[in-house]
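The values are calculated or read from the model by the stated rules, or taken from the named source; none is laboratory data. Small disclaimer: the values here were computed from a predicted structure and weren't measured. Virtual Cβ from ideal backbone geometry, glycine too; neighbours counted across all protein chains shown. Only protein heavy atoms, including side chains, enter the accessible area calculation; ligands, DNA and RNA are left aside. Shrake-Rupley method; radii C 1.70, N 1.55, O 1.52, S 1.80 Å.
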Amino acid sequence: MDTNAVLNLMWVVISGILVFFMQAGFTLVETGFTRSKNAGNIIMKNIMDFCIGSLSFWALGYALMYGDAVGTFGALIGKPSLFFNNPKEMHSLFFQTVFAATSATIVSGAIAERTKFSTYLIFSLLMTLIIYPISGHWVWQSGGWLSKLGFIDFAGSTVVHSVGGWASLVAAVMVGPRIGKYVNGKSNAIPGHNLLIGSLGIFILWLGWFGFNAGSKLAISGDNANAVANIIVTTNLAAAAAAITSMFVTWYSYGKPDISMTLNGALAGLVAITAGCAAVSPVGAVIIGFISGVVVVFSIDFIDKKLKIDDPVGAISVHGVNGALGTLLVGVFAKDGGLLYGGGFHLLGVQAIGIFTIAIWAMLASFIVLSILKKAMGLRVSRIEEEDGLDKHEHDMSVYN
């Protein structure tokens, strides 16, 4: 193996390690934004997402996503095979595994504080085993039908984040709101117990995102190094612009700059730029960040107050809505083929098709899985378990002794 190949392989591995560290970030964000009586349950869900995802994606998911697109259904699903064992692609397996675990973890926050642990584990398994890999094949395998159309989602605004976000929407609706969240048609705030933990989680996610996006270049040798550096800059600028925008929007709307919304603004910018981080200029990244920073605030308010869907961490808006938004904006701001660069509406149309079909797949598949689990096991804990806290009843311990 030559020096460039070794360098590229190590870049993918290091980036995968950064993305793995994002699991700690998700754990802290979800824990901080919810109540202390459920902290242990959230810790368990997040670590199990990665453990289950590691085994299921290795066993089958990777093959469904990246297997040869052959036969009648080649554009829809990879050739199934069990227990991936190609020594020349182990770096790729690891890198893609941490992405798969991320898609499952997104759902955890949206249904926090009232969902059965056993049921959640099975849903997490099926997310990484089937739901995520199949739609991922459409985009990231060269023979996938969206790939053939020219759909651009460089690092997964839609493939990873929107899939998790739309699954979260279905799950949150089916599980129902937390006790006391909606009374007489009015939404009541249920504050998280530790914004310091939540903010630390945001910074960890921000750090990990440099691996998430820049690692998706899959190479760093030669001229690839400049491309990697550009991706890191666009990723950072979008997050910063989105956080600032969310802060000012809440300052104007609420009278004070809201901490949790500002933190979610940073995440919204990171999610939105993920699709086009390699395709847009730094100026385009800033504009995408501004747009996502506005949208996430109004989306969270709309879903909570108008639709009456209880999402404790804003996962549907941050990942689902802004994942779709960022993917669509590639059709506007992409330097090659974007609307503002003389490309017309073709790429914009392709992006819209991909966003819509993947959203339908994620919601339909999640609904089928959750409907079966609801009948077989139930989705929700009892009222007394929810009131006492899931730590006590699901795990027989407390994080804060």
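Worth a mention:
- Packing-based ranking of 36-47, 355-366 yields 36-47, 355-366, ordered from highest to lowest mean Cβ neighbour count within 10 Å.
- Approximate spin-label separation residue 203-residue 385, in nm, with each point projected 7 Å along Cα-to-Cβ: 3.6 nm
- The chain: most fluctuating residue of 67, 255, 323 per GNM, C-alpha cutoff 10 Å: 255
- Computed lengthening from residue 298 to residue 223, 0.36 nm per intervening residue step minus Cα-Cα distance: 23.0 nm
- Cα-based Rg / Dmax (Å) for region 220-351: 15.4, 51
- 203, 248, reordered so the largest accessible area comes first (probe 1.4 Å): 203, 248
- Accessible surface of residue 380, taken over heavy atoms with a 1.4 Å probe and every protein chain present, rounds to 70 Å².
- Highest mean packing first, where packing is the average number of other Cβ atoms within 10 Å per residue, the peptides 341-354, 75-88 line up as 341-354, 75-88.
- Candidates 295, 313, 381: whichever shows maximal mean-square fluctuation once the chain is modelled as a Gaussian network with Cα springs under 10 Å: 381
- Working from Cα pairs under 8 Å separated by at least six residues, relative contact order for the chain is 24 percent.
- Spatial offset of region 203-268 relative to region 123-198 amounts to 19 Å, using the alpha carbon center of each.
- Modelled FRET efficiency - R0 25 Å, residue 47 with residue 83, Cβ distances, 0.05 increments: 0.65
- Accessible surface of region 249-311, 1.4 Å probe, proportion on carbon and sulfur as whole %: 72 percent
- The residues of region 32-152 present an accessible area of 35 Å² per residue when probed at 1.4 Å with all protein chains retained.
- Ligands, DNA and RNA aside, residue 387 has an accessible area near 90 Å² when probed at 1.4 Å.
- Nearest-0.05 FRET efficiency for residue 372 and residue 248, computed from C-beta distance (R0 45 Å): 0.50
- Accessible surface of residue 328, taken over heavy atoms with a 1.4 Å probe and every protein chain present, rounds to 60 Å².
- For region 168-280, the convex hull spanned by the alpha carbon atoms encloses 136 Å³ per residue.
- Shown here is the pair-distance distribution of region 7-154: with all Cα-Cα distances grouped in 5 Å bins from zero up to the longest one, the shares run 2, 10, 18, 19, 19, 15, 10, 6, 2, 0, 0 percent.
- Between residue 10 and residue 392, residue separation times 0.36 nm minus the direct Cα-Cα distance comes to 133.2 nm.
- Reachable lysines, given that their alpha-carbon falls under 17 Å from the alpha-carbon of residue 305 and they are not under 8 places away in the same chain: 181, 186
- In this structure region 247-340 gives 36 Å² per residue of accessible area when probed at 1.4 Å with all protein chains present.
- Histogram of C-alpha separations across region 71-195, 10 Å bin width, %: 11, 34, 31, 15, 8, 1
- Taking a straight line from the alpha carbon of residue 148, these aspartates and glutamates sit under 18 Å away, with near neighbours fewer than eight places off in the same chain left out: 68, 336.
- Dividing the convex hull volume of the alpha-carbon atoms in region 139-199 by its residue count gives 152 Å³ per residue.
- Cα radius of gyration and Dmax for region 283-399 (Å): 19.7, 61
- Accessible surface of region 125-180, 1.4 Å probe, proportion on carbon and sulfur as whole %: 72 percent
- All-pairs Cα distance distribution in the chain, expressed in whole percent, bin size 20 Å: 29, 60, 11, 0
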